[in-house]
Amino acid sequence: MIPAHIRIGAGAGFAGDRIEPALELVERGGLDYLVFECLAERTIAAAQLQRQRDPAAGFDPLLLERMRRVLPAARAHGVRIVTNAGAANPAGAAHAVAALARAMGMAGLRIAAITGDDVLGLLRQADYPLVDRAGTTADLSRIVSANAYLGAGPIAAALAQGAEVVITGRVGDPALFVGPMVHAFGWSLDDAPRIGRATVIGHLLECAGQLTGGYFADDDRKQVAGLARLGFPFADVAPDASAELGKVAGSGGALTIASCKEQLLYEILDPGAYPQADVVADFRSVRFTARGPDRIAVTGGDGRPRPDTLKVSIGYDDGFIGEGQISYAGPGAVGRARLAGTIVEQRLAIIGAPVTDVRSELIGVDSVDRRARAPAVEPAEVRLRVVGRSDSAEAAALIGREVEALYTNGPFGGGGAVAAVRPVLAVASTLIPAVQVRPAITLVEA
């Protein structure tokens, strides 16, 4: 029997998101499904490196803490969980959650791991054009990961097999929400207009607190109350793929037409053609209507048949970043900091440091908007940051060493110097034929 509606909650919008709002949704939100969206572009590449060091690792380090906090209430209220926190190791994540469930006395909990997004082997067999820059995949040395964005089909299938927790690797973010809709309502994935409207809902929910005022807030210009207790959103979805958005009564934040409009356009290049694994969604006919405090109806949206290709996110080792920082305060702080930056750049040339892309910037003056070279009002303190790139960690470390040397060899009054070297895990994208990617579902029972 097709339900009149299902309620899907957004439990996380990124890997480091808060856990309390998700627990609030499970305990008080009347949910049918809870989605933890935890995977950014670089996250899965970093997870692949972790798995290379430890085959049992490679999934979101907060996954087990999230499960420990929400599983008891989710089981008590019949809430099923979908998450991409499996990252580079969905199967390992499923077994870890099963072990946790056994330890918590939840025998019989069924967990599904969805794999097949790892296409590194395919990329090594052929050369594919890059879509975000000139060149091909052959130009990327030291590739560490390649993961295709899967769609909603495997998630719906796992739920149909009785999974109470579904753990994926890379999937399209909206697909995490579309999957439960397809399962609950029995939609065909070939129904492009309906899947397009469902993708609108998934896209609105995928960043969690952004929709309820978190990223929307802007001091006095766009005031949002209760941000320290920000409530995450849910959607009451109907079989026609319309929805009403809301949040738990009494939670912080604000769900408004304005916050919904901002989230709708977030990360969208063409509102008329938003390609996903299941559909090319069209957002141009979307309409929002206020139904009451923190209740927004969503209608409209459309879709065209799915593309023949899947986007692949490629992570590759791109050398090292070396960095040094030091603070200056008092009259003339900006001028002394600029002089210090010039000294470091000259020193790197004198010693022949094999570094490139060296840049000096003043945090609070021009570190974000680099056109702002002359502040209208000179700040009382600034922090100099000198940063550059190198193929070796040893060479990158020379930048921080020269910044530290400013204590006695540069302008007076410098303090709080720090130095750091970090590897660069860069990301590129390509497209591969969808028929070459074969998702698989593995069921694990606690």
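Please list, ordered by chain and number, the residues whose modelled amide H lies under 5 Å from the amide H of F36; skip anything fewer than 5 residues away on the same chain.
When sequence neighbours closer than 5 places are left aside, the close amide H contacts are G11, V82, T83, N84.
Dividing the alpha-carbon Rg of the stretch 84-126 by 2.2 N^0.38 Å yields what?
Details: Rg = 14.1 Å, N = 43, 2.2 N^0.38 = 9.2 Å.
Normalised Cα radius of gyration, the stretch 84-126: 1.53.
For the chain, what does the equivalent ellipsoid look like in terms of its semi-axes, each the square root of 5 times an eigenvalue of the Cα gyration tensor, given largest first in whole Å? Mind showing how you got there, number by number?
Working: eigenvalues 355, 145, 96 Å².
After scaling each eigenvalue by five and taking roots: 42, 27, 22 Å.
Calculate the all-directions average of the projected area of the stretch 265-377's alpha-carbon convex hull, and give it in nm².
Numbers: hull surface 56.5 nm².
With every direction weighted equally, the projected area is 14.1 nm².
Counting only protein heavy atoms and using a 1.4 Å probe, what share of the accessible area of the chain belongs to carbon plus sulfur, as a whole percent? Before the final figure, lay out the partial values.
Values: 10370 of 19180 Å².
Using a 1.4 Å probe with all protein chains present, the chain comes out at 54 percent carbon and sulfur.
Read phi for every residue in the stretch 172-179 and hand back ³J(HN,Hα) as whole Hz from Karplus 6.51 cos²θ - 1.76 cosθ + 1.60, θ = phi - 60°, with x for Gly and Pro.
These are the phi-based 3J(HN,Hα) values: x, 3, x, 4, 4, 8, 5, x Hz.
Would you mind calculating the gained length between Q52 and R133 on full extension (0.36 nm times residue separation, minus the Cα-Cα distance), in nm to one decimal? Kindly include the intermediate steps, with their values, before the conclusion.
Working: separation 81, 0.36 × 81 = 29.16 nm, distance 2.80 nm.
Working it through step by step, the gained length comes to 26.4 nm.
Defining a contact as two alpha carbons under 8 Å apart and six or more residues distant in sequence, what relative contact order in percent does the stretch 315-429 show?
Details: 246 pairs, mean separation 55.8, N = 115.
Across the stretch 315-429, relative contact order equals 48 percent.
State the extension gain, in nm to one decimal, for the chain segment bounded by A160 and N409, taking 0.36 nm per residue of separation less the distance between their alpha-carbons.
On the way: separation 249, 0.36 × 249 = 89.64 nm, distance 6.83 nm.
Between A160 and N409, full extension yields an extra 82.8 nm.
Using only DSSP helix segments of four residues or longer, with each worth -39500 (n - 2.57), what per-residue ellipticity at 222 nm results for the chain after dividing by its residue count and rounding to 500? Please list the in-between numbers first.
Working: 12 runs with 130 residues, N = 446.
One gets -9000 deg cm²/dmol as the mean residue ellipticity at 222 nm.
Between helix 90-103 and the chain, what is the angle of the helix's C-alpha long axis to the longest principal axis, kept within 0 to 90° and rounded to the nearest 10?
Relative to the chain, helix 90-103 is tipped by roughly 70 degrees.
For K247, list the lysines whose Cα falls under 26 Å from its own Cα; do not include residues on the same chain fewer than 8 positions away.
Leaving aside lysines fewer than 8 places away in the same chain, those within reach of K247 are K222, K261.
Given the options L25, L339, L245, which has the most mean-square fluctuation in a GNM of the chain, springs set between C-alpha atoms less than 10 angstrom apart?
It is L339.
With viscosity set to 0.692 mPa s at 37 °C, what whole-number translational diffusion coefficient in µm²/s follows for the stretch 373-430 from Stokes-Einstein and a Kirkwood radius over Cα pairs? Don't jump to the answer; show the numbers that get you there.
Values: Rh = 14.1 Å.
D = 233 µm²/s.
How much accessible area per residue does the stretch 315-429 have, counting only protein heavy atoms and a probe of 1.4 Å, in square angstrom? It would help to have the intermediate numbers written out before the result.
Values: 5760 Å² over 115 residues.
Result: 50 Å² per residue.
The values are calculated or read from the model by the stated rules, or taken from the named source; none is laboratory data. Quantities reported herein were computed from a predicted structural model and do not represent experimental measurements. Surface areas here come from the heavy atoms of the whole protein model, side chains and all, with no ligands, DNA or RNA. Shrake-Rupley method; radii C 1.70, N 1.55, O 1.52, S 1.80 Å.
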